[in-house]
Amino acid sequence: MLEVKNLGLTLKGDEGEIQVLKDMNFKLEDKKIYVMTGPNGGGKSALSKAIMGIYQSTSGQILLNGEDITNKTIYERARMGIGYAFQQPARFKGIKVRELLEIASDKNKVPEMCDLLYDVGLCAQDYLEREINTSFSGGEVKRIEIATILARDLKLAIFDEPEAGIDLWSMQRLTETFVKMNEKYNTTILIISHQERILNLADEVIMVADGTVSEITTREKVLGEIRQIDSDCRCRQSCNKGGKAIADCDR
Amino acid sequence: MLTAIDKKLLFEIADLNEIPQGAFNLRKNGEGSGRHTTSNIDIITKKDKPGIDVIIKAGTKGESVYIPVIVSEGIEDIVYNTFEIGENSDVLIVAGCGIHNSSDKKAQHDGIHEFFVRKGAKMKYIEKHYGEGEGSGERVLNPKTIIEVEENGVVELEMAQIRGIDNTIRDTEVNLHKNAQLIVVERLLTYLDQTAESNTTVNLLGEDASAQIISRTVAQNESKQVFHFRLLGHAKCRGHIQCDSIIMDKAQVSSIPEISAFNSDAQLIHEAAIGKIESEQLTKLMSLGMTETEAEETILKGFLK
Ligand SMILES: Nc1ncnc2c1ncn2[C@@H]1O[C@H](COP(=O)(O)OP(=O)(O)OP(=O)(O)O)[C@@H](O)[C@H]1O
Ligand SMILES: [Mg+2]
């Protein structure tokens with residue numbers, strides 16, 4: 001359903017241009033759940049934003065169901081059925097939760113909104129009429145962000161680290177919600193995550209590192225590898241294997 | 001009789017579809033044009049200068065006073081209104097001025113409002129300004145508001161200028177006595193080459209007086225806004241100013257704060273920010289299917305609400 005071909009992205013940073021994505025290639029199939037993972041700074045969020053049209057890719061192509069969307073705007077892609085839940089959601093002075101959900105989908109009436117908020121572990125009564133301003137906690141804005149994506153009728157839903165800031169008690173319901181969205185609405189789901197619990201949902205796992213897809217693999221393989229590693233520092237792993245620690249250190 | 005234009009203006013400035021129940025005074029093109037009083041609220045025409053005295057009896061609860069002003073021709077009008085808000089009363093006052101100018105002459109309304117909010121009284125004051133009309137004549141509004149709040153009084157001011165005023169200078173001065181409380185919410189939008197100046201001074205005179213000022217403004221095109229906020233703490237008191245402006249196009253905004261304490265138990269805070277619409281907000285709304293223009297309008301509407 002989604003095809004990313006030779007995708008490259010260069011962004012202007014403080015110290016000149018940075019190549020954030022290079023020569024990325026992968027395909028997503030209909031109705032599957034994908035989990036994308038890999039080291040911090042590897043390019044997962046940048047890739048999602050390039051798919052959503054927030055970053056304009058500098059080379060390559062993005063196809064949605066065979067149609068080239070590389071030059072389409074954010075809202076055109078949104079109207080074609082792509083949704084992205086931000087890793088760091090925006091806050092709005094003067095816009096209420098109810099209003100944002102109404103913007104997300106005009107099909108949502110109050111009872112549907114209550115269900116949506118329930119799915120992300122919030123009680124509608126306490127939240128619908130509140131402004132999404134700085135008074136919300138990090139976990140609360142994150143849940144509302146996820147709800148705005150659940151509210152929509154999407155072909156492809158991308159969730160960027162949905163578990164970040166979400167408490168343990170709500171995680172179970174959230175993972176069930178992703179499965180429900182996938183089964184009931186046939187939405188292809190791409191979740192960026194570093195969590196074992198989310199990895200367990202994956203039909204396939206896409207590994208992204210250094211701005212490119214390093215591997216497309218199974219959850220069993222990734223989970224197996226994670227269990228072998230007792231520390232996430234590649235420098236220490238190298239040390240343990242007797243390698244040149246400092247010179248090899250890529251951090 | 002109210003014309004269609006009058007009705008439109010009344011709706012814009014006071015949400016009125018018809019003449020309201022309760023106390024009411026309509027001023028149209030510099031003259032009185034309709035009045036109601038109630039057993040608790042009297043409205044008397046001033047003898048020495050244009051304007052009215054609104055007298056609210058002590059203990060009046062849950063009543064409202066509407067005193068809209070409409071200007072539908074190119075005239076320059078000045079009015080002096082005095083309000084006596086009796087002890088322990090609790091009232092809503094809805095003022096506001098709408099100008100429809102289809103002439104090439106200036107239409108100007110200067111309203112000087114003086115309030116005496118007596119002990120324990122509560123007043124909510126809403127003032128909306130609105131202009132329209134196809135004429136080339138300027139639409140100018142210069143309100144001056146002076147408020148004396150006695151012991152335990154509570155005043156809430158809601159001031160909004162949403163559209164069509166070319167030029168405004170707004171002066172507000174409030175004196176807060178013992179345990180008096182003030183909340184000001186100001187909303188202002190300027191565009192084209194409009195200019196707006198707003199000067200607010202709050203004197204916290206009595207012990208435990210408190211003031212909170214929230215100002216949200218949007219400046220578009222080549223418009224200019226200048227704000228002076230002054231909080232002067234003369235006693236053990238608390239004051240907080242929060243001003244937020246969104247600046248667009250070639251507009252200019254200056255926000256000039258002053259907080260001064262003349263007592264070591266005064267606690268005063270000023271927060272001010274001027275900036276563009278946050279790009280995260282725009283991209284979020286666009287990723288929900290809005291065009292950039294729709295997203296911008298939604299953000300500004302919420303911000304100025
Ligand atoms: N707007 C930007 N301007 C400049 N550099 C950027 C910008 N956005 C991202 N980058 C850089 O691109 C690289 C990839 O960032 P990205 O946010 O995609 O990483 P990520 O894989 O999502 O990491 P994490 O797991 O920490 O969320 C990083 O080195 C980052 O600093
Ligand atoms: Mg990221």
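Across the range B:256-271, what is the total count of residues that are under 20 Å from B:Leu188 (Cα atoms) and without any contact (Cβ under 8 Å) to a residue 40 or more places away in the chain?
Residues flagged as under 20 Å from B:Leu188 (Cα atoms) and without any contact (Cβ under 8 Å) to a residue 40 or more places away in the chain within the range B:256-271 amount to 3.
For the range A:59-79, enumerate the residues that are away from every other protein chain (no Cβ under 14 Å), surrounded by 15 or more Cβ atoms within 10 Å (Cβ to Cβ) and not polar (S, T, N, Q).
Selection gives A:Gly60, A:Ile62, A:Leu63, A:Leu64.
Mind checking whether some residue in the range B:207-214 is within 16 Å of B:Val149 (Cβ to Cβ) and in a loop (DSSP other than H, G, I, E, B)?
For the range B:207-214, residues within 16 Å of B:Val149 (Cβ to Cβ) and in a loop (DSSP other than H, G, I, E, B): present.
What residue, of A:Glu163, A:Glu140, A:Glu176, is among the charged types (D, E, K, R), away from chain B (no Cβ under 14 Å), out of contact with any His (no Cβ under 6 Å at 6 or more places or on another chain) and within 16 Å of ligand 2 (Cβ to nearest atom)?
A:Glu163
Do we find that A:Met36 is open to solvent by less than 50 Å² (accessible area, probe 1.4 Å) and either within 16 Å of ligand 2 (Cβ to nearest atom) or more than 14 Å from every other protein chain (Cβ to nearest Cβ) (or both) in this structure?
yes
Please give the number of the condition A:Gln56 fails out of (1) over 19 Å from A:Asn25 (Cα atoms); (2) surrounded by fewer than 18 Cβ atoms within 10 Å (Cβ to Cβ); (3) within 14 Å of chain B (Cβ to nearest Cβ).
That leaves (1) as the condition not met.
Against the conditions (1) surrounded by 17 or more Cβ atoms within 10 Å (Cβ to Cβ); (2) closer than 30 Å to A:Lys142 by Cβ; (3) of a type in the set (A, V, I, L, M, F, W, C), where does B:Ala219 fall short? Just the number, please.
(2)
Quick one: count up the residues across the range B:131-163 that are open to solvent by 10 Å² or more (accessible area, probe 1.4 Å), assigned to a loop (DSSP other than H, G, I, E, B), of a type outside the set (Ser, Thr, Tyr) and more than 23 Å from B:Val184 (Cβ to Cβ).
So the count comes out to 4.
Would you mind finding the one in A:Glu145, A:Glu67, A:Glu102, A:Glu76 that is of a type in the set (Asp, Glu), more than 25 Å from A:Asn6 (Cα to Cα) and away from ligand 2 (no atom under 16 Å from the Cβ)?
Step by step, each of A:Glu145, A:Glu67, A:Glu102, A:Glu76 is checked, and only A:Glu102 is of a type in the set (Asp, Glu), more than 25 Å from A:Asn6 (Cα to Cα) and away from ligand 2 (no atom under 16 Å from the Cβ).
Considering only residues that are open to solvent by 10 Å² or more (accessible area, probe 1.4 Å) and not basic (Lys, Arg), look in the range A:80-94 and name the one that is farthest from ligand 2 (Cβ to nearest atom).
Residue satisfying both the conditions and the ranking: A:Met80.
Tell me, yes or no, whether the range B:229-248 has at least one residue that is open to solvent by less than 30 Å² (accessible area, probe 1.4 Å), within 14 Å of chain A (Cβ to nearest Cβ), within 20 Å of B:Arg163 (Cβ to Cβ) and β-branched (Val, Ile, Thr).
Yes: one or more hits.
Yes/no per residue for (1) modelled with pLDDT under 95; (2) open to solvent by 40 Å² or more (accessible area, probe 1.4 Å); (3) at positive phi:
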residue	(1), (2), (3)
B:Asn17	yes, yes, no
B:Glu31	yes, yes, no
B:His36	yes, yes, no
B:Asp42	no, yes, no
B:Thr45	no, yes, no
B:Ile55	no, yes, no
B:Thr82	no, no, no
B:Gly96	yes, no, yes
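It is to be established whether one or more residues within the range B:281-303 are within 12 Å of another protein chain (Cβ to nearest Cβ), touching a residue at least 12 places away in the same chain (Cβ under 8 Å) and part of a strand (DSSP E or B).
The answer is no; no qualifying residue exists.
Take the residues of the range A:168-194 that are free of Cβ contacts under 8 Å to residues at least 40 places away in the same chain and open to solvent by less than 70 Å² (accessible area, probe 1.4 Å): which is farthest from ligand 1 (Cβ to nearest atom)?
The selected residue is A:Met181.
The values are calculated or read from the model by the stated rules, or taken from the named source; none is laboratory data. Keep in mind that this is a model prediction, so the values were computed, not measured. Methodologically, a virtual Cβ is constructed for each residue, glycine included, from the backbone with ideal geometry; neighbour enumeration extends over all protein chains shown. Accessible surface is based on the protein model in full, side chains and every heavy atom, while ligands, DNA and RNA are left aside. Shrake-Rupley method; radii C 1.70, N 1.55, O 1.52, S 1.80 Å.
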